[in-house]
1. If I model a spin label as a point 7 Å beyond the Cα along the Cα-Cβ vector, how far apart are those points for residue 167 and residue 269 in nm?
2. Report the equivalent ellipsoid semi-axes for region 51-170 in whole Å, largest first, defined as the square roots of five times the eigenvalues of the gyration tensor built from alpha carbon atoms.
3. Kindly state, as a whole number, the per residue volume in cubic angstrom of the convex hull around the alpha carbon atoms of the chain.
4. P(r) for region 397-463, please, calculated from all Cα pair distances in 10 Å bins and given in %.
5. Based solely on C-alpha atoms, express the radius of gyration and the Dmax of region 384-502 in angstrom.
6. Length gain on complete extension for the stretch residue 235 to residue 276, per 0.36 nm per residue less the alpha carbon to alpha carbon distance?
7. Take peptides 76-84, 328-336, 217-225 and line them up by average Cβ neighbours within 10 Å, highest first, as a rough protection proxy.
8. Determine, at each q value in 0.14, 0.19, 0.21, 0.25 (inverse angstroms), the log₁₀ of I(q)/I(0) that the Debye formula gives when each Cα of region 144-199 is one equal point scatterer.
Ligand code: GLN
């Protein structure tokens, strides 16, 4: 495979946002991968933030973290979950990052006295970011998803870059445009006009799409496809229907039925490398859709109004559920509502397992601590992730060790017992963006613990995103009172996992296991947690 043989696929969106470009990109990538190709997917986000790390989850949903510590768009989570291949910083570029790089080059004099402009300097930078993934010849296909909707002011430089690349790459690239074909109930008709207008707008910018993927809630008849093809200058077989699906994991199979992968390969002149193999995927879908059991899991968090804020956790439960032939009925519980023991008991009663979610700041923190106490005292399987683990440590200090004002110094700077405290290396840092403990770190697990049983190994790596940690000054006190540190970082001895061995299943992890759960490799801790909850 040489760099020049890499094919580039651009995915744009029209008519409205939220049509699911990420899922369509990931589904196409999955089909190409199942035909023996090496594929990666990249997201270009038109906003000016350097990365979504500083964004409130209400603004942008979850911030997904890669092995190399990039704080990225949640679509990268879909890419990894579908492809089972890790992504990196190079897979998510924002306008902020593009401008930051151009401005820093300008300061260094790289542009040799030239006026620095959107075309060609910003567009060159965008094109470089696209080529960076393809340049070592590691991939047969680089799929680049352009965030936003065609016509947005912010995405113009990206569309212009695609226009240029179509000239430069010729037959080695193609453009897929995702649009909406709405159904007007009053007229009883599907309408193609928004799609026609959206393609016209792309044409104004000089980009002729090769394939149209049409989101629709009703079946697209042949004549309608022909009409869209004719108005939009694409071949009729390149008008692909994307029907609303009951699960995102159906979309690759729907795209297969529609022949999206075949049209792509034929337009790019690439013969399939092997007979399509979707065996593992189909097995997962079968298990997911035919569960033998149901477990009710409470997800306690403060952003529960926006489910995207906990995207990877929710998806990890789907993978773990399928692995256990079990449907996970997720109950979204607002931590702010759990104001005292009575309300907490009433709200959480009947759950088979409780997960306390990651988070920042003190809103809803006491509710999370109440939820831990309920799970611990009632022997209900408990899984704490990042802040959730920290809450478990605080709860144990307050109610078992008798350290009544114990807290995290994130929430209470003056606590007498900062059982969760800021990491030394964090104390000097003032910038907010990209300065947490981020990305993959090793962890050594104590044998014969729940974590060890789950992972079936004592050496793991997991991804992090936090500033605070278990305060080592209290470790012995905890160990003596029955909360054990069962996973530590082998280089700096930071506590990564805590467990209560006398409890049915009580595991808190300082890292984020949810980022590494995929369809083909459900995360072992999520699977074990579900298994324990099933026997509750
Ligand atoms: N706010 C906590 C910290 O920074 C936990 C972060 C998280 O849950 N991701 O340590």
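Since every read-out is calculated from the coordinates, none of them should be taken as a lab result. Given the structure is predicted, the values throughout are model-derived calculations rather than measurements. As a convention, Cβ positions derive from the backbone with ideal geometry for all residues, glycine included, and neighbour counts pool all protein chains shown.
1. Those two pseudo-labels are separated by 2.1 nm.
2. Equivalent-ellipsoid dimensions as semi-axes: 25, 18, 15 Å.
3. Output value, Cα hull per residue: 167 Å³.
4. Percent of pairs per bin, in order: 17, 27, 34, 22, 0.
5. 14.3, 42
6. Working: separation 41, 0.36 × 41 = 14.76 nm, distance 2.40 nm.
Stretched fully, the residue 235-residue 276 segment lengthens by 12.4 nm.
7. 76-84, 328-336, 217-225
8. -0.52, -0.78, -0.88, -1.05
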